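S.K.: Take this structure first; my questions come after.
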Amino acid sequence: MKKLVLAAALTAAASTAFAGAPAEPIIEAPVIVEETQSSSGGIILPLLILIAVAAVVAD
């Protein structure tokens, strides 16, 4: 009787372990957020530096 119960328990455990094929994982694409800059964003800093240098040289 013990062997029958043990065999039934092992069969039940094995059948649930191999119940189906593993599903493919769903991988979502990462969200890329880009910050937009104004067209004059790259020229402001050099102009400020040029004005500061001109002010120092003028003194």
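No lab work stands behind these numbers, since they all come straight from the coordinates. What you see is a predicted model, and the numbers here were worked out from it, not measured in a lab. Neighbour counts are summed over all protein chains in view; Cβ atoms, including those assigned to glycine, are modelled from backbone coordinates with ideal geometry.
S.K.: What ranking of 5, 33 emerges when the number of other C-beta atoms within 10 Å of each C-beta is taken as an exposure proxy, fewest first?
M.R.: Final ranking by Cβ density, sparse to dense: 33, 5.
S.K.: Still on this structure: Cut-off is 10 Å between beta-carbons; in what order do 36, 11 appear when sorted fewest neighbours first?
M.R.: Fewest-to-most Cβ neighbours within 10 Å comes out as 36, 11.
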